[in-house]
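For reference, the structure is listed below as structure tokens.
Here, each number is a calculation from the coordinates, and none is a lab measurement. Since this is a predicted model, take the numbers as computed values, not measurements. Don't worry about glycine lacking a Cβ; one is built from the backbone with ideal geometry, like all the others, and counts go over all protein chains shown.
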Amino acid sequence: MDYISLSDYLKNKYGTKVYKLSLTSGCTCPNRDGTISTGGCIFCSEGGSGDFAAAGDSLNEQINSAKALVDSKISSKIPASERKYIAYFQSFTNTYGNQKYLMQIFKEVLDYPEIVGLSIGTRPDCLSDEMIHFLSKLNETKEVWVELGLQTIHENTARLINRGYELPVFEDSYKRLTDAGLKVVVHVILGLPGESDEDMLKTISYLAKLSPTLFGIKLQLLHVLKGTKLAEMYEDEPFRIFELEEYCHLVCKCLKLLPKETVIHRLTGDGPKKLLIAPLWSGNKKPVINTMRKIIAMEK
């Protein structure tokens, strides 16, 4: 089936391939510091889902480090002056903390001419009206996305994974963000303990009916990582883990449900190999992507 990949979206908009720079804002999470809970969501590693973020204390050091890593994989045929990037704040909750400081670094990162956009990972219960207004102003000059970790619409699963908020909180944030003209990307995990394929597809169907239409979605295969509460659960009583082709077929069903204009930011995701417990096949990115493409092509 046809869908718009993130790579295609960016290439169509900016006329060239655009690369993500994984950065860190230094934020923690209310689900870790005791405000809501401690320990975070049960699947979250010590890196707060930002295990691939660049090294460096200052923002400039991080950007240079991230660019060096990305540029090492870019063809030398593309001059450095023509390379474009998205600044991606992924780890933990990047609108939770000192608002003045966060606004400063978000503005500062967009002052780099080679950075064409900003992507901010956060929780829907950590978005003040002040922050949304500020991001909407930034969005007038360069593209701003807000990534919300929803994972599932099912409240029993949300409690199990220690998400820490209920669905109406997401709905309120989605409305406030889209009313402000901001693009929203929603993160969904496929394979959460106790969820059937039907449960997961209900989450996708719900997102497919959002108004205004959802800008982007990340479909994330559940990874069991060392040092997480999920790993303890898996060790005590192993739960269902997707096989590769089984997962690919489920992704195809998800794609068929989503609006054609929704940008697919991710089809699976890969956790750090040194932490990965299951599924082990997900640690081999190239064959996973090849199998995914093959099955998507077969299901057209």
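Placing unit charges on the Cβ atoms of the charged side chains and taking the dipole of the chain about its Cα centre, the candidate lying farthest along the positive direction among ILE296, ILE217, ILE74 is ILE74. Taking 0.36 nm per residue of separation and subtracting the Cα-Cα distance, full extension of the segment from GLU171 to SER196 would add 6.7 nm. Listed cross-link partners LYS226/LYS273; LYS13/LYS175; LYS13/LYS286; LYS84/LYS285; LYS20/LYS142 are compared with a 18 Å cut-off, the Cα-Cα value being larger for LYS13/LYS175; LYS13/LYS286; LYS84/LYS285.
Taking packing as the residue-averaged number of other Cβ atoms within 10 angstrom, the listed peptides 249-256, 262-269 run from highest to lowest as 262-269, 249-256.
Under the convention that each Lys and Arg Cβ holds +1 and each Asp and Glu Cβ holds -1, the size of the dipole of the chain around its Cα centre is about 1040 debye.
Show me the ranking of peptides 119-130, 86-97, 228-239 by mean Cβ neighbours inside 10 Å, starting with the highest.
86-97, 119-130, 228-239
For region 131-195, the dipole from Cβ point charges (+1 on Lys and Arg, -1 on Asp and Glu) about the Cα centre works out to 160 debye, to the nearest 20.
Could you tell me the center-to-center distance, by alpha carbons, between region 255-300 and region 212-239 in angstrom? Region 255-300 and region 212-239 have Cα centres spaced 14 Å from each other. Quick one: of the DSSP bridges fully inside the chain, what percent are antiparallel, nearest 5? Approximately 10 percent, going by the DSSP bridge assignments.
Contact order for region 88-218, expressed relative to its length and based on alpha carbon pairs under 8 Å spaced 6+ residues apart, stands at 23 percent.
Relative contact order, whole percent, for region 4-298 stands at 17, derived from Cα pairs under 8 Å and 6 or more residues apart. Think of the chain as a dipole: +1 on every Lys or Arg Cβ, -1 on every Asp or Glu Cβ, centred on the Cα centre; then among VAL116, SER37, LEU138, VAL116 lies furthest on the positive end.
Farthest towards the positive end of the charge dipole of region 151-278, among the residues LEU190, LEU160, TYR234, is the Cα of LEU190, using unit charges on the Cβ of Lys, Arg, Asp and Glu.
Legend: residue pairs LYS11/LYS256; LYS77/LYS260; LYS11/LYS73; LYS202/LYS300, Cα-Cα distance threshold 29 Å; pairs beyond threshold, LYS77/LYS260.
Only helices reaching 15 angstrom along their own axis (Cα) with mean Kyte-Doolittle hydropathy no lower than -0.5 count here, and for the DSSP H runs of the chain these are 59-71, 99-110, 197-208, 244-257, 285-298.
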